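The values are calculated or read from the model by the stated rules, or taken from the named source; none is laboratory data. Model, not experiment: these values are computed from the prediction. Reconstructed Cβ throughout: ideal geometry from the backbone, glycine too, with neighbour counts over all protein chains shown. Surface areas here come from the heavy atoms of the whole protein model, side chains and all, with no ligands, DNA or RNA. Shrake-Rupley method; radii C 1.70, N 1.55, O 1.52, S 1.80 Å.
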Amino acid sequence: MTGDQSRAVWDRARAFQTTIADQGAMVTDADYLLQADTLLDLYGEDIRARAFTTQDPLRGEQMLRPDFTVPVVQAHMAHGAEPARYTYMGKVFRKQEEDESRPTEYVQVGYEVFDGTDPAAADADVFATILGLLSDVDVTAVTGDIGILRAAVMGLKTTERRRAALLRHLWRPRRFKSLLDRFSGVTDVPPSRTALLAQDDPMAGVGDVLGLRSRAEIAARIDVLREDAAAEPLSMAERELVDALLAVRETSPNALTALRDISVDLGSISEAVDGFSARLDALSARGVNVDTLAFEAAYGRMSMEYYDGFVFGFEAPAQFNLPPVATGGRYDALTTVLGNGVGVPAVGGVIRPAAVVALEGER
């Protein structure tokens, strides 16, 4: 990036932040170096693998901030009061092991809202604010709702352990599908596992430690495998309902109709679908044309793992090979984790000014 381009990015970033602040958000910041041991797990496997970390003799493992949301939530849960709105601007840092053309550091501008009085209105506030900031930029908005998929999984008639495994792998679509296939009997249990459980004494010959696991840990894992092998398969009817849910990809009103139809047989998603409906009303009240707003039930499954509800992105035209220009979503559970069991509904979004500048340069 040239000096002129860098100045243009920072100018854009400052303009975005000023607009958000003028709407009532408090300007905040986060340290460049964050305590890694507790925060890395909150980001999920993808960001964990891409974080720049270092070891401090006194402070332990540290990392360069991979985003602002987690440290801003951490600070708010320690010192803030609701309702609260924050905006921030600065660089974040991520390794780029698969695409060397992507920068390892780039500027983000963000907007975070902590407000439990009307979650649908808060969702609409963040989305409409970013939509307004990008009104002159060639982007396409896409929305989704991780909360609907989570509700579907939590309502499945299977063991608690299997539901937990599916929830853990929502963010890895291939692994999620593989688990669904196995739990519903579409694919067989791995032969090595079958052979292990067929032994009269699977622990025979195992010493006190095998690799990094103790004998007790290995025995506990075998008990888990036995429990799973004895579980009834997930019904194909439920499996097909999950597949139908994941396949919903429509304009928002049509998606709402499709999800209502699915909820007749998959009642666990009804409340989350009601939330989707309320959000559409709130977005419409903010001037968003929901009739053409895209909704994909599977959208957001490759994003931050702390999202647990509404998710959105603003995508650049495919020919420019740019990352999403803006992304965001709801992360209520994250506030509970960082608030030591006490949470508050929260939603936020970020813009990449460099992507905006790149698109503007193509006009």
Review point. Among the residues of the range 307-329, is any open to solvent by 10 Å² or more (accessible area, probe 1.4 Å), among the aromatic types (Phe, Trp, Tyr), touching a Phe, Trp or Tyr at 6+ places or on another chain (Cβ under 7 Å) and at pLDDT below 95?
Key: yes
Here the residues within the range 57-97 that are open to solvent by 20 Å² or more (accessible area, probe 1.4 Å), under 14 Å from residue 344 (Cα atoms) and in a strand (DSSP E or B) are 85
Residue pairs qualifying under the 8 Å Cβ cut-off, at least six apart or on distinct chains, with the first in the range 20-41 being over 22 Å from residue 129 (Cα atoms) and the second being of a type in the set (D, E, K, R) and open to solvent by 90 Å² or more (accessible area, probe 1.4 Å), are 35/59; 40/48; 41/48
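From the list 216, 258, exactly one residue is surrounded by 12 or more Cβ atoms within 10 Å (Cβ to Cβ) and either at pLDDT 65 or above or closer than 24 Å to residue 299 by Cα (or both). Which is it? Give the derivation first.
Details: 216 fails: surrounded by 12 or more Cβ atoms within 10 Å (Cβ to Cβ).
Matching residue, one of 216, 258: 258.
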By residue number, the members of the range 109-144 that are in a strand (DSSP E or B) and open to solvent by 10 Å² or more (accessible area, probe 1.4 Å) are 140, 141, 142
Note on the range 27-56: residues assigned to a loop (DSSP other than H, G, I, E, B) and either modelled with pLDDT of 80 or more or loosely packed, with under 13 Cβ neighbours inside 10 Å (or both) are 28, 29, 30, 31, 32, 51, 52
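One line per residue, one yes/no per condition, for (1) closer than 30 Å to residue 355 by Cα; (2) out of contact with any strand residue (DSSP E or B) (no Cβ under 7 Å at 6 or more places or on another chain):
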{"residue": "83", "(1), (2)": "no, no"}
{"residue": "104", "(1), (2)": "yes, no"}
{"residue": "130", "(1), (2)": "yes, no"}
{"residue": "166", "(1), (2)": "no, yes"}
{"residue": "172", "(1), (2)": "yes, yes"}
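Test of understanding: among 82, 112, which residue is touching a residue at least 24 places away in the same chain (Cβ under 8 Å), of a type in the set (D, E, K, R) and closer than 19 Å to residue 300 by Cα?
Values: 82 fails: closer than 19 Å to residue 300 by Cα.
Exactly one residue qualifies, and that residue is 112.
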